[in-house]
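One structure is given below, encoded as structure tokens.
All of the numbers you see were taken from the coordinates with simple rules; none came from a lab. Since we're looking at a predicted model, the values are computed, not measured. Quick reminder, even Gly has a Cβ in these numbers, built from the backbone with ideal geometry, and neighbours come from all protein chains shown.
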There are 2 protein chains.
Amino acid sequence: MSRERVTDDAVVYEFGPEMDAAVTVTDGATLTVETRDSLEGAVRTDDDVMSEVPEEVNAATGPIAVEGAGPGDVLGVAIEAIRPAEDRGRAVTIPEFGLLQDDERIDHPASLVTPVEGDTLSVGEFDVPLDPCIGTIGVATAGDTHSTLVPHDHGGNLDTTLLRAGNTVYFPVNRPGGMLAMGDCKAAMADGEACGTGAEIATEIDCTVTVESGDLSRPLVETDDSWAFLASAETMEEACRIAYRDAIDALAEDADLSLTDAYMLASLVADLEISQVVDPLVTVRAVVPKRYLTNPLD
Amino acid sequence: MSRERVTDDAVVYEFGPEMDAAVTVTDGATLTVETRDSLEGAVRTDDDVMSEVPEEVNAATGPIAVEGAGPGDVLGVAIEAIRPAEDRGRAVTIPEFGLLQDDERIDHPASLVTPVEGDTLSVGEFDVPLDPCIGTIGVATAGDTHSTLVPHDHGGNLDTTLLRAGNTVYFPVNRPGGMLAMGDCKAAMADGEACGTGAEIATEIDCTVTVESGDLSRPLVETDDSWAFLASAETMEEACRIAYRDAIDALAEDADLSLTDAYMLASLVADLEISQVVDPLVTVRAVVPKRYLTNPLD
């Protein structure tokens, strides 16, 4: 079966409850989704700097309606490959943006272009392994409208390194068709995305979309050996509480444990990890190994 | 050279500027340090519950004075092995303690005893791999006095899974002899230590202590392939800022980069990770691979 190409001609800058499909695909469709770089070509050299966060940023290709997806379903996106579609990425600092925005020793704005050479990025004198991830991916919301700069229960600007080839991300379907959109990829990014960006780059994403049954409130990522419950909130402490409650609820139900025992077990085996600390809401994840949790979607 | 045994007869419950050595060892001494479980035997069965955090908790064996260590030096503790010294660990919840202390669906207090059987812990129906780490380890402070429940720049209750066999932790020496103390080990613990404990257990720690030169403000952990800069603060956001500043300062100096370029490089390669979110101050770490940072102590 050949992959269906979803071009980056149609993009969104908001996730809301009412989104018009740019394309409609079948349940189980295999896609290649083109994505623009988050800054849309504004930074080609180190001299191209961003004096402010653009009003339209993190263009997300779509929306992609998936036939048969309806409210209460779960939309699965199996990420098979993320390929750079240009010869360079770029990290930037922007005034009033990023973890150390108040550190006067650091230039804001500044840009660092990172040429792609084979499987590596050149970052100054260093070769950094190419390890692409998706920054922004989500579905139509249940009610609120969020800019693509914001992560929330619908997905959005999750900036989570686990959104890489080989993993599957699941979203709660709020609206008919789901209305999937994705973009804002990184050629490389560390957990935290401290300066506010990874190496932002245009890409092609190979993925397969499926409609699943299940009970899900927020984005969930499946890796080879674990389930990662993502949560975004105003503070990291609150995001940790939300993600951990989701994780131990699933653990208790799946393993037929009391919630109290699930909580104590999780404290031994379920890591709290940082996705990003720089977006308007921060994102963390509670990661439960599959040896303790077979299927949180059941 | 035979290891010198440091028994758990002498313990401290505070790290302060004035600490009297329980034992004095040479630079380069190889030690076996006995540690009590953090709850000092109070929980032997699931029926033994803690209605409040004990006033004296996290007994740290020591202080161990290291000959030749003086203010401005760095004390290295190479952790070679952590062996359980009893047949069980225990996780507990305690009222007004832990990430989900306000969740009324969870019992506070509760205890879950975890028998040790070979290389595994029995946690209910599950076998959890034994993977011990040190919860509390530190040195005399520069001025303030902190209970062993508190993590800060001197170390203390860092609750960091990287404090495991094979890794080396470094502390700034504030007072003559350094005055090292350690305890509060876990048979297993996940990043975050969500319920407020790992599987608390008495242990024997094999380690080697060395006096190093270097410029260090806070605890630093060396693993096979990375340097982890630890920071503790009132909020996770503030702890992230402190740890990341330390990391990029070291990166800039070591690689002769501008601080701005070091910040953007770090955003691609240096992960922000959670150590614990439950102690009076929270602890995070900024982890820089050695391929980008040769030696932050130079």
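General observations
- Cα point-scatterer Debye curve for chain B, base-10 log of I(q)/I(0) at q = 0.11 Å⁻¹: -0.62
- For region B:221-289, the dipole from Cβ point charges (+1 on Lys and Arg, -1 on Asp and Glu) about the Cα centre works out to 200 debye, to the nearest 20.
- Nearest beta-carbon to the A/B symmetry axis - residue in chain A, distance in Å: A:M236, 2
- Taking the label point 7 Å along Cα→Cβ, A:D224 and its counterparts in the other copies are spaced 1.6 nm apart, in ascending order.
- Per residue of B:123-130, other chain Cβ atoms within 10 Å of the residue Cβ number 5 on average.
- Folded to 0 to 90 degrees: helix A:236-255 orientation relative to chain A principal axis, Cα: 40
- Label points for A:E86 are taken 7 Å from Cα along Cα→Cβ. From this copy to the others they lie 6.0 nm apart, shortest first.
- Here the Kirkwood formula puts the hydrodynamic radius of region B:41-95 at 15.3 Å, using every distinct Cα pair.
- Using just its DSSP H runs of length 4 or more, each adding -39500 (n - 2.57), the protein assembly as shown gives a mean residue ellipticity at 222 nm of -3500 deg cm²/dmol after division by all residues.
- Kirkwood radius for the protein assembly as shown, taken over all pairs of different Cα atoms as the inverse mean of 1/r, rounds to 24.6 Å.
- Within a Gaussian network of chain A (alpha carbon springs, distance under 10 Å), most fluctuating of A:C195, A:C240, A:C207: A:C195
- Selected from B:L39, B:L100, B:L158 as most flexible by GNM, with chain B as the system and alpha-carbon contacts under 10 Å: B:L100
- Proxy reagent accessibility, fewest Cβ within 10 Å first, across B:H154, A:H146: A:H146, B:H154
- Computed Kirkwood radius, in angstrom, where 1/r is averaged over Cα pairs of region B:221-289: 12.0
- Gaussian network model of chain A, Cα within-10 Å springs - most flexible of A:N58, A:N167, A:N157: A:N167
- Taking 0.890 mPa s as the viscosity and 25 °C as the temperature, the Stokes-Einstein diffusion coefficient of region B:1-80 based on its alpha-carbon Kirkwood radius rounds to 166 µm²/s.
- Per-q log10 I(q)/I(0), region A:182-252, q = 0.18, 0.29 Å⁻¹ (Debye; single scatterer per alpha-carbon; no solvent): -1.01, -1.26
- Take every pair of alpha-carbon atoms less than 8 Å apart whose residues are at least six positions apart; their mean separation over the length of chain B yields a relative contact order of 24 percent.
- Per-residue shielding of B:251-259, expressed as the average number of other chain Cβ atoms within 10 Å of the residue Cβ, stands at 2.
- Teacher prompt: A:G143 distances to equivalent labels in other copies, 7 Å Cα→Cβ, nm: 5.1
- Dipole-positive endmost among B:L130, B:T35, B:G177 within chain B (Cβ charges, Cα centre): B:G177
- For region B:201-280, GluC sites (Glu not before Pro) meeting the loop criterion (DSSP other than H, G, I, E, B) and having at most 15 other Cβ atoms within 10 Å: B:E234.
- Electrostatic dipole magnitude of region B:4-214 [Cβ: Lys, Arg +1; Asp, Glu -1; Cα centre; debye, to 20]: 500
- For B:V211, A:V209, order by how many other beta-carbon atoms lie within 10 Å, fewest first: B:V211, A:V209
- Axis of helix A:259-269 versus longest Cα principal axis of chain A: the two differ by about 40°, to the nearest ten degrees.
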